[in-house]
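The values are calculated or read from the model by the stated rules, or taken from the named source; none is laboratory data. This is a predicted model, so every value here is computed, not measured. Here the Cβ is made from the backbone with ideal geometry for all residues, glycine too, and neighbour counts use every protein chain on show. Keep in mind that these areas ignore ligands, DNA and RNA; they rest on the heavy atoms of the full protein, side chains included. Shrake-Rupley method; radii C 1.70, N 1.55, O 1.52, S 1.80 Å.
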Amino acid sequence: MSMLLRSFDPFKDLSQEFKAMERRFHNLMPSLESEANLAGFTPSVNTREGDYAYHVEVDLPGVKKGDIKVEVKDNRLTISGERKTKEEVKEDEYYRVESSYGKFERSFTLPDNVDAENVSASCADGVLEVVLPKRERNGGTKQVEVK
């Protein structure tokens, strides 16, 4: 009776497992990309201070005016909304639809001198502008009546 000797490679099985995992991960990539479309986005914001107001400009390409919410509460400005896009390509023997969806929210602590009652917002060409007027100061001095 003869005995067969076989060499043992402990890394061979591990290497095959890694290759199998790589194939599975690669097959998941399209679904991971579509999940990323659902994850949301963070719009860029520019702020500036004028003589009479603070200005906040938010880049919101592809966001409809009705999907934007601007709120001032407890000395905080919160801008939120959602972007929904749908790209459709129709050709003779080809039809493709790609949709993406994302929510966003940005919050900012306001300076003490903001007149929250008179905040205004407008949206044009994918840019939201929020104007936060400053309260008038009376020279910083207040006369207090002594009783």
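Quick notes
- For Val144, the solvent-accessible surface with a 1.4 Å probe is about 110 Å², rounded to the nearest 10.
- Segments 79-85, 44-50 sorted - mean Cβ within 10 Å per residue, highest first: 79-85, 44-50
- Over 26 Å (Cα to Cα) - which of Lys69/Lys90; Lys65/Lys86; Lys64/Lys90 fall in this group: Lys69/Lys90
- Note, ³J(HN,Hα) from phi for segment 56-71, Karplus 6.51, -1.76, 1.60, rounded to Hz, x at Gly and Pro: 10, 10, 10, 7, 10, x, x, 9, 7, 4, x, 9, 10, 10, 10, 9
- For segment 92-137, average projected area of the Cα convex hull in nm²: 5.6 nm²
- Here r is the Cβ-Cβ distance between Asp112 and Thr85 and R0 is 41 Å; the resulting FRET efficiency, rounded to 0.05, is 0.55.
- Heavy-atom accessible area per residue - segment 39-128, 1.4 Å, Å²: 69 Å²
- 5 angstrom amide H check on Ala53, placed H, neighbours 5+ away: Lys134
- Gain in span if fully extended, Tyr94 to Arg48, counting 0.36 nm per residue against the direct Cα distance: 11.8 nm
- Between Arg76 and Lys147, residue separation times 0.36 nm minus the direct Cα-Cα distance comes to 21.9 nm.
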